[in-house]
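Derivation of every value follows stated rules applied to the coordinates shown; laboratory data play no part. Since this is a predicted model, take the numbers as computed values, not measurements. Cβ: placed from backbone, ideal geometry, glycine included. Neighbour counts: every protein chain shown.
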Amino acid sequence: MYKWTMPVLIVIACLFGVYLLADGLPERPKEEKVAEGTELLKITATNFNFNETEYHVKPNTPYVLSFSNLNGTNHGFAIADLNINLTKDSPKAEYTFDKPGATYEIHCSIMCGQGHKDMIAKIIVDAA
Ligand SMILES: [Cu+2]
């Protein structure tokens, strides 16, 4: 065995460590921002629930609907009456709820497993 092998390996390992420290740190999660006058409605899904059973929104206010799966299998967030379907690949939509008092049914749009049919919620547009 060459006697310089170990020192060289140690130096390479150190350089790699420095590289990881400098470059490998995960980015801090960014606060989600929406334009002024626009509201953010965050929806998350787990097995087999949405984070709320009722989402209240203000009428005639632009909303950004932002959907994410927190854990479990892949889920979707669909508002059938509004033709909105949010998934991992298209997690955002903009919508202005213009009917005060209206209620929209939400269901999971991806066949996710045993609790799929119970993944239901509502969006309720508050009175003006
Ligand atoms: Cu599902």
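Could you tell me the relative contact order of the chain? Use alpha-carbon pairs under 8 Å, at least six residues apart, and round to a whole percent. Worked out over the chain, it gives 24 percent. Inter-label distance, Val34 to Thr46: 2.4 nm, where each label sits 7 Å from its Cα along the C-beta direction.
Estimated from the Cβ-Cβ distance and a Förster radius of 22 angstrom, the FRET efficiency linking Thr73 and Asp23 is about 0.10. With the simple spin-label model, which puts each label point 7 Å out from Cα in the Cβ direction, the Thr61 to Ile12 separation comes to 5.9 nm. Excluding the site residues themselves, the longest part of the chain lacking any chymotrypsin sites (Phe, Trp or Tyr not before Pro) in a DSSP loop with at most 10 other Cβ atoms within 10 Å is 5-128. Every Cα-Cα pair of the chain was included, and the share exceeding 21 Å stands at 53 percent. Helix 5-23 and the longest principal axis of the Cα set of the chain meet at an angle near 20°.
For the chain, the tally of Lys pairs with Cα-Cα distances below 16 Å comes to 11, considering only residues 8 or more apart or on different chains. Each of Leu86, Thr73, Phe48 was scored by the projection of its Cα onto the charge dipole of region 1-110, and the greatest displacement toward the positive side belongs to Thr73; charges sit on the C-beta of Lys, Arg, Asp and Glu.
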